[in-house]
Structures are given as C-alpha cells and as structure tokens.
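What follows draws every value from the coordinates through simple rules; no lab data is involved. A quick note: this is a predicted structure, and the numbers were derived from the prediction, not measured. In this analysis, Cβ positions are derived from the backbone assuming ideal geometry, glycine residues included, and neighbour counts consider all displayed protein chains.
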Amino acid sequence: MLICEQQQPLQVIRAFPILNGGALVHLHNISGGVLGGDRLHVSVDVGPKASVQLTTPSATRLYRSSPDADFALQTSDIHVQRAALLEYLPDPLIPFAGSRYKQRTRITLEADAGLFWWETVAPGRTAMGEVFAYDLLHMELALLAQGRPIAREQLILEPHHRPLSSLARLGSYQYFSSFYICRVGVEASRWLRLEEELQVLAHQLTRPAAISWGVSALVADGLVVRAVSQQGRAITAGLLAFWQAAKWALFGQQAIPPRKSS
C-alpha cells in the first residue's frame, strides 16, 4: 500500500509496479525547479519488506536567488524499515548562476534494510557558459543503521570565494557524484570482498583526466562509491554499472533502471 501526502510545489506521481513486487515512484517539482527562499521537505517511510524505487522525472534545477531572497532549503527524512529496500535514483542537481541552496538529508535503516542512494552535481548550465557560477551549495547527509551513525557528510561550496578548480577541490573536473550502497547486517568480511570487486570495476571505468572512480567501505553495513568527471554522461553510465554489480551481489537481483514519467 502506498500512502502519499503532498503539497505544491512537490508532487508525487502515482506508483508503477516493478519486478520483485516493488513500486516505482516519481517525485516531481511542478514549479520546474527550486527557487530562492523555497522551504521544501520530503519524508519517506518504506514499510517492512517493501521495495521502492524513488526517482525524478528530470534534473533538479536550482534557480538564481534574487539579492533580497533567502537561500533555498530542502530537508529529507528517510526511514527504511526492517528487510525493506529503497533505491533513490534521481537525475543530477544543476545549480544555476547566482543560486544559493542548502540540503539536509537524514536516512535511518533498520535491521536487514537495504539502500542504493546516489546524487550527482553538475557545474551549472554548461550550454549557457555557466560553470561554477552559483553562490552557495551546502549539502549535509547523516546515514544511520539501527541507530548507529555509519556515514556523515557536509559539503559547502562557494565558488566565488573558494574556486573549485583548485587541486584541493575538483581540479580539472566539473561533475561529482556519491553513491551509497548499504544492507544492514551483512558481515564486514563480505563488504571487504565487495569493495575489492567494485574497485576492479572502478579501475576499469576510470579514464585519466576524464573521469575517476573510487570505492571505500563504511564503518559498517555498506560502502560508498565516488566519482569526479569532465562529463555527466560518463558518471550516469558508471553509476548504473556499480548499481548492477552491487545489487546482484547483495540481493541476487538485477538492477532495472527506472522508467521516466512527466
């Protein structure tokens, strides 16, 4: 059973059935993007033994904030109950020139819960010549398994004050992505084996000066895959490859990309 509560500008498009008895849900922003001063909140609760794919119909656009507008803020509270699986597979985030955006995400996983969660950030509207022209991008993530923190992130980018072309940041790359792969209760030795297997894949997908991949085990119950790239398409193809390999290894199931709806 899918229960939805929504308030504009966010809209939940009806669920579509997928293999293995799961449901595909599209989260749509009917305003076309995130505006300066917006306060958006998303709450997701995946019930016991349920399987859900959550995606977006297209990239999320972060529009320019006017000088007198506050930054845009989106908060997300995600709860994946016992033996459930959530696959959060959105299209990239595109910060327009002059945008100011903060994002806070908290994910809690119960016993035997699974998670595939990726996020990709573009440099801006490259076709318009906008590369790192946004004012602020602030992203926070807290990931907990049975109440235990297994990952925390805080990313604060202000390109006008701290150029992202610095070798201490992105260097020559323009796109970056993180992909969390989790299943609570899997033994540490199995995660180390999976880390080694995905490191081989990372090496195969890495192209010097074009795209670089890395894999690292978390303190428990998962691992994270990261990428920096000159092009967004290369990241998308790589994420699919890692997802397919990890889902088969952890669940014995094929990873089927979500169909899009508008």
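Table for the structure above
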| read-out | value |
| --- | --- |
| Difference of contour (0.36 nm per residue) and Cα-Cα distance, Leu155 to Asn20 | 45.0 nm |
| Within the chain: Cβ-based charge dipole about Cα centre, in debye rounded to nearest 20 (Lys, Arg +1; Asp, Glu -1) | 340 |
| Sparsely packed GluC sites (Glu not before Pro) within the range 184-262, loop by DSSP, other Cβ within 10 Å at most 10 | Glu187 |
| Within straight-line cross-link reach of Lys49, lysines at Cα separation under 19 Å, skipping those fewer than 8 residues along the same chain | Lys247 |
| Under the Debye formula (equal points on every Cα, no solvent term), log10 I(q)/I(0) of the chain at q = 0.10, 0.11, 0.12, 0.16 Å⁻¹ | -0.49, -0.60, -0.73, -1.33 |
| 30 Å Cα-Cα reach of Lys102 towards lysines, excluding residues that sit fewer than 8 places from it in its own chain | Lys260 |
| Part-to-part distance (alpha-carbon centres) for the range 102-151 and the range 173-196, which is given in Å | 15 |
| 3J(HN,Hα) from dihedral phi, the range 134-151, Karplus parametrisation 6.51/-1.76/1.60, rounded to Hz, x for glycine, proline | 7, 8, 8, 9, 10, 10, 10, 9, 10, 10, 10, 10, 6, x, 9, x, 10, 7 |
